[in-house]
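The values are calculated or read from the model by the stated rules, or taken from the named source; none is laboratory data. No experiment lies behind these values; they were computed from the predicted model shown. Counting neighbours? That spans all protein chains shown, and the Cβs are built from the backbone with ideal geometry, glycine included. Just so you know, the surface numbers come from the protein's heavy atoms only, side chains and all, with ligands and any DNA or RNA stripped out. Shrake-Rupley method; radii C 1.70, N 1.55, O 1.52, S 1.80 Å.
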Amino acid sequence: MSYLSLLTHLLAISLASLVIYWLITFRNGFGLFNPSTDLMFNWHPLLMILGFIIFSAEAMIAYKAIRGTRQSLKRVHLTLHSIALVTGLCGVYAACKYHYQLQVPHLYTLHSWYGYSTIWLFCLQFMLGVDDFVYPGNESGIGRSHGLAGLLIFWLAILSAGTGLMKKSDILHLYPGQVETNVV
């Protein structure tokens, strides 16, 4: 494993740990079936970061960091993206359930538009990738653009996460100098 790959994995572990620390320490943890809608919503940032940032990054890194045949690398790539998709969709479910219970409208912030755009583009990219994986000789031509499109969707996911954290900070009325602000 290269130093860059090791650094990337350490950053992923740090990111996940920091989000979990923030949600447990400052936001009182998690709960899907808890009557507290805030505890249910806490799943949203964790699952979205795990799915669309960490597992997606792992799927992209798999081609460079793992040695194996092209077919085995494609399987690892597909498996990690499948985990990313399921994890991300569970995160969307937590946010939609939260909005539904509080009767908050959907798609009213820049974060929500970025987020839904990320999800739809990710799903489209995933379907095209699966099609190319299952039917490799179909001459769809996505092979060349698949990597670039995936990278752009990944950056859109990072943009979505950043705007989401900014929106959450605004909703919580966090100000510079607070410990929670520094963690976020």
- line: Given (1) 1.05; (2) 1.00; (3) 1.45 as possible values of Rg/Rh (Cα atoms, Kirkwood Rh), the one from the coordinates is (2)
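Obtain the radius of gyration and the Kirkwood radius of region 88-183 from its C-alpha atoms and give Rg over Rh.
We get a ratio of 1.11 for region 88-183.
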query: So what is the relative contact order for region 1-92, in percent, with contacts set as C-alpha pairs under 8 Å and at least six apart?
result: 29
- request: Report the extension gain between Trp113 and Asn182 in nm, rounded to one decimal, defined as 0.36 nm multiplied by the number of residues separating them, less their alpha carbon distance.
  value: 22.3 nm
- prompt: Gaussian network model of the chain, Cα springs within a sub-10 Å range: biggest mean-square fluctuation belongs to which of Trp22, Trp43, Trp120?
  reply: Trp120
task: Output ³J(HN,Hα) for region 53-63: one whole-Hz value per residue in order, computed from phi by the Karplus curve 6.51 cos²θ - 1.76 cosθ + 1.60 with θ = phi - 60°, and x for Gly and Pro.
output: 10, 6, 5, 5, 4, 4, 5, 6, 5, 3, 5
task: Determine the share of the chain's accessible area contributed by carbon and sulfur atoms, expressed in whole percent, with a 1.4 angstrom probe.
output: 69
query: Ignoring ligands and nucleic acids, what accessible area does His99 show with a 1.4 Å probe (Å², nearest 10)?
result: 30
statement: As straight-line cross-link partners of Lys168, the qualifying aspartates and glutamates (C-alpha separation under 18 Å, not fewer than 8 residues apart within one chain) are Asp38, Glu180
query: Stretched out fully, how many nm does the piece from Tyr93 to Met166 gain, at 0.36 nm a residue minus the Cα gap?
result: 24.2 nm
query: How far is helix 70-102 tilted off the main Cα axis of the chain, in degrees rounded to 10, range 0 to 90?
result: 20
- prompt: Once phi is turned into ³J(HN,Hα) by the Karplus curve 6.51 cos²θ - 1.76 cosθ + 1.60 with θ = phi - 60°, what whole-Hz value does each residue of region 10-19 show in order, with x for glycine and proline?
  reply: 5, 5, 5, 5, 5, 4, 4, 5, 5, 5
- prompt: What nm value, rounded to one decimal, do you get for the distance between Ile158 and His173 when each label is placed 7 Å out toward the C-beta?
  reply: 3.4
field: Listed residues Met40, Met127, Met48, most fluctuating in the chain (Gaussian network, C-alpha, under 10 Å)
entry: Met127
task: Note the angle between two axes, namely the Cα long axis of helix 110-134 and the longest principal axis of the Cα atoms of the chain, as a number of degrees from 0 to 90, rounded to the nearest 10.
output: 20
statement: Computed over the chain, protein heavy atoms only, probe 1.4 angstrom, the accessible area per residue in square angstrom equals 61
field: 18 Å cut-off, amide nitrogen to a point 7 angstrom out along Cys123 Cα→Cβ, residues in region 68-91
entry: 81-91
Taking the chain and dividing mean pair separation by its residue count, relative contact order in percent (alpha carbons under 8 Å, at least six apart): 21
